[in-house]
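Worksheet for the structure shown next.
The values are calculated or read from the model by the stated rules, or taken from the named source; none is laboratory data. The structure displayed is predicted, hence computed values, not measured ones. Quick reminder, even Gly has a Cβ in these numbers, built from the backbone with ideal geometry, and neighbours come from all protein chains shown. All accessible areas refer to the heavy atoms of the entire protein, side chains included, with ligands and DNA or RNA removed. Shrake-Rupley method; radii C 1.70, N 1.55, O 1.52, S 1.80 Å.
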Amino acid sequence: MWFQKNTKKAGAIIALAASAALVLSGCSSSGDSGSGDAGSGDSGSGASVTFLPKNLGNPYFDTSSKGGEAAVEEFGGTFNEVGPAEATPDAQVSFINTATQQGVDALAVSANDPQAICDALNEARDNDVKVVTFDSDTNTDCRDLFINQADAAGIAQVQVDMITEQIGDKGQIAILSAAANATNQNAWIDLMKEELEANHPDVELVEVVYGDDDDQTSFDKTAALLQTYPELKGIVSPTTVGIAAAARYLSTSDAKGEVAVTGLGTPNQMREYVEDGTVTEFALWNPEELGYLTAYAANALVAGDITGAEGDTFEAGDLGEYEVGADGVVLLGDPFRFNAENIDDFDF
Amino acid sequence: MSATTTSTRTTGLRPIAEYDRPLWQRLLLTRETAIIALFVIVVVAAAVIVPNFGSKITMTYLLLDMFPVLIIALPMTAIIVTGEIDLSVASVVGLSSVLTGVLTQAGVPFGLTIVLAIIAGVLCGAVNGFLVTVVGLPSLAVTIGTLALYRGLAVGLLGTTAVTDFPAFWTDLAKEKIGSTGIPVVVILFIVLLAAFAILLHFTRFGRGVFAIGLSPEAARFSGVDVGRTKLILFVLSGAVAALGGIYYTLRYGSARGDNATGMEMQVIAAVLLGGVSIFGGRGALHGVVAGVLLIGVLGSALRLANVTSDVINIITGVLLIAAVVSSSVLAAIRSRRKSTRKPRLVGTGPGNA
């Protein structure tokens, strides 16, 4: 009894001390990072640019931020990346507000919702923050520039071309997309439908499913598609998470080599599936270049070289000169097709 | 051994045992005081350490962001005090947001839209309450189900689209500040709701019934509390307030979407528990809950301003929550130990009973 009592008391004290330490460490870690960043205001001659992707921990945005950081280093600005863990607009709003409070020169955003973050972005602009959207746009009146990775028509076209070539222009296909309300994905899908109807009468699009840019969800949706449509000839996934999950499922299933998978993917994610024959060809722009161009555009805005008006031109480092098109859109270029012949030339 | 440690909870005599201490000690030892103190410390520390934190705009953003969590935490507190839980609140936010969008799109006057969206929230809450009190299912199971059901309805109604066109008067009102104070106008609505719930929970017979149910539903029933009716009312209130949160959410972001406020139920429940409400029921107070919500909000805001990534913010919030819950049970264990060593009581029917 005595012994039991004492251990219990000691246990309670240890637990209390441990919890106090946890609370304290929680507070002090905020303090540490706060003081660490206190000095990083406007160092260097270039602009301070904060990248705000749809969410963090997404390899696609890791790559675009890498490009952005490289560009910021080149022009001597301050780079920062912030973002929510979940790709939701309300979480993005609090990060936009934060950037406004910090008084950064420019904010590079991939929008989770074209409207929901508008007020926050305009408030940032009222406080002299230049706003550049990339990858996924907002309404045009909420930002100064949109850096378009490739125009929707080009992306829809290359995906329809790839899938119809791979299945012999005949049979059932399905689309595995990201979130049901992802602005860019839906625009591409609509254009793909138009193109299929107009020029590929023997190809039937049976269903569009949504993997929410989640690996497991996309994997499961692929399995469900193959079960529901035994005659399925191909899957188009216009999202890097989706195509990799679909390829991973197919690579170990009986349908390997029977069902074509194509869409938009990154070389590093797709390399093994191209090598083992699951995937013939897929396409993408270079997200690193997208981030790079975005940062240079932001810097040009901050420096006052451009205002975002149609016809404005600016230099984007290694990428050369770019011109602002209608509605403040800057086009990165045409999509690029990756296949067994060229995939080893890329590393992202 | 185990009989003495479990006796405090089952008898519900803990508050009485505390009166042998001076008032200041009792105040210092409450969870609410501790959490309010922690809140003040974090605010002061953040204002000193984190650049750009100590400004009026920080408070404005914070209150705008936390408003739905603040109001939904009020009925949630009462529900958790009875020993139940409502996990469907964020889905009700999403559903009422979508309804607000659909009705506005259909040309319904906005005043009527608000009424209809709140009625929908009341119905959602009534379904939860019916299943818990009349059918007798556990609220955890019921509201996990309706979490999926209401979210499904919300996403189903609007599909992949979002409604973004709302009357400017209302969207402006959702973000309007009181004069030059920087305090959002919606805070008035929160204070009204807080006052109403504080009176209901802490100063009425109904409220005493809520706490009695949490301590012991059987004892509450024997002393004349209508357990079923009380719980049903609380679930309905929860639905109604969640719907109000959904309308606000829609107006603030100018976007009605099926996936609005996904995961918000966890923010609400975390804040309520941090605020000192016992997950086992029977214990809690609204001032602690308000401090809990604001503490999580301030912490997130300060860490974001310090450029801490959101996964680290989640880790810190999680650790804080666990620490708060652990420290409360440790304190309770110490209290019961002291009490049992001071004057052993005869509780239970004998050794081996527990």
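Observations, loosely collected:
- Boolean, A:Asp214 is open to solvent by 60 Å² or more (accessible area, probe 1.4 Å) and within 27 Å of the chain's Cα centre (by Cα): yes
- Output for the range A:172-188, where each listed residue is over 18 Å from A:Thr217 (Cα atoms) and at pLDDT 95 or above: A:Gln172, A:Ile173
- Test: residue in the range A:96-104 that is buried (at least 21 other Cβ atoms within 10 Å of the Cβ), modelled with pLDDT under 90 and in a helix (DSSP H, G or I): no
One line per residue, one yes/no per condition, for (1) within 14 Å of chain A (Cβ to nearest Cβ); (2) open to solvent by less than 30 Å² (accessible area, probe 1.4 Å); (3) at pLDDT below 95; (4) under 16 Å from B:Ala261 (Cα atoms):
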| site | (1), (2), (3), (4) |
| --- | --- |
| B:Leu147 | no, no, no, yes |
| B:Gly152 | yes, no, no, yes |
| B:Asp165 | yes, no, yes, no |
| B:Thr171 | yes, yes, yes, no |
| B:Glu176 | yes, no, yes, no |
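- Among the residues of the range A:76-92, those that are more than 7 Å from chain B (Cβ to nearest Cβ), more than 14 Å from A:Leu56 (Cβ to Cβ) and either open to solvent by less than 30 Å² (accessible area, probe 1.4 Å) or within 14 Å of the chain's Cα centre (by Cα) (or both) comprise A:Gly76, A:Gly77, A:Thr78.
- Whichever residue in the range B:265-300 is under 30 Å from B:Val102 (Cα atoms) and open to solvent by 10 Å² or more (accessible area, probe 1.4 Å) and, among such residues, is farthest from the other protein chains (Cβ to nearest Cβ): B:Ile269
- For the range B:241-253, the criterion of being of a type in the set (D, E, K, R) and surrounded by 24 or more Cβ atoms within 10 Å (Cβ to Cβ) is met by none of the residues.
- Answer residue from the range A:225-255, given it is without any contact (Cβ under 8 Å) to a residue 40 or more places away in the chain and surrounded by fewer than 17 Cβ atoms within 10 Å (Cβ to Cβ) and is farthest from A:Lys170 (Cα to Cα) among those: A:Thr252
- Selection within the range B:118-145 - within 15 Å of B:Glu84 (Cα to Cα) and crowded, with 23+ Cβ neighbours inside 10 Å: B:Gly125, B:Asn128, B:Gly129, B:Val132, B:Ser139, B:Val142, B:Thr143
- Residue pairs meeting the criteria (Cβ under 6 Å; at least 6 apart or on separate chains; first away from every other protein chain (no Cβ under 12 Å), in the range A:48-65; second assigned to a helix (DSSP H, G or I) and open to solvent by 10 Å² or more (accessible area, probe 1.4 Å)): A:Tyr60/A:Thr240; A:Thr63/A:Glu288
- Matching option when the condition is under 30 Å from A:Leu145 (Cβ atoms) and not acidic (Asp, Glu), among A:Val274, A:Val241, A:Val259: A:Val241
- Matching residues, the range B:308-328, being closer than 21 Å to B:Val50 by Cα, crowded, with 19+ Cβ neighbours inside 10 Å and either facing chain A (nearest Cβ under 7 Å) or within 19 Å of the chain's Cα centre (by Cα) (or both): B:Val308, B:Ser310, B:Ile316, B:Thr317, B:Leu320
- Only residues that are loosely packed, with under 15 Cβ neighbours inside 10 Å and touching a residue at least 12 places away in the same chain (Cβ under 8 Å) were counted across the range B:197-216, and they come to 1.
- Looking across the range B:209-254, the residues that are more than 14 Å from chain A (Cβ to nearest Cβ), more than 23 Å from B:Pro138 (Cβ to Cβ) and either at pLDDT 95 or above or in contact with a Leu (Cβ under 7 Å, 6 or more places away or on another chain) (or both) come down to B:Ala243, B:Leu244, B:Ile247.
- The residue of the range B:178-196 that is surrounded by the most Cβ atoms within 10 Å (Cβ to Cβ), among those that are closer than 14 Å to B:Lys56 by Cα and away from chain A (no Cβ under 14 Å), is B:Ile183.
- Residue in the range A:251-268 that is within 23 Å of the chain's Cα centre (by Cα) and among the basic types (Lys, Arg) present: no
- On the stretch given as the range B:97-117, residues that are in contact with a Ser or Thr (Cβ under 8 Å, 6 or more places away or on another chain) and open to solvent by less than 10 Å² (accessible area, probe 1.4 Å) total 5.
- Among the residues of the range A:143-193, those that are part of a helix (DSSP H, G or I) and over 25 Å from the mean Cα position of the chain (by Cα) comprise A:Thr164, A:Glu165, A:Gln166, A:Ile167.
- You will find that of A:Asp119, A:Asp113, A:Asp137, the residue that is within 7 Å of another protein chain (Cβ to nearest Cβ), surrounded by 22 or more Cβ atoms within 10 Å (Cβ to Cβ) and either touching a helix residue (DSSP H, G or I) at 6+ places or on another chain (Cβ under 7 Å) or at pLDDT below 95 (or both) is A:Asp113 and no other.
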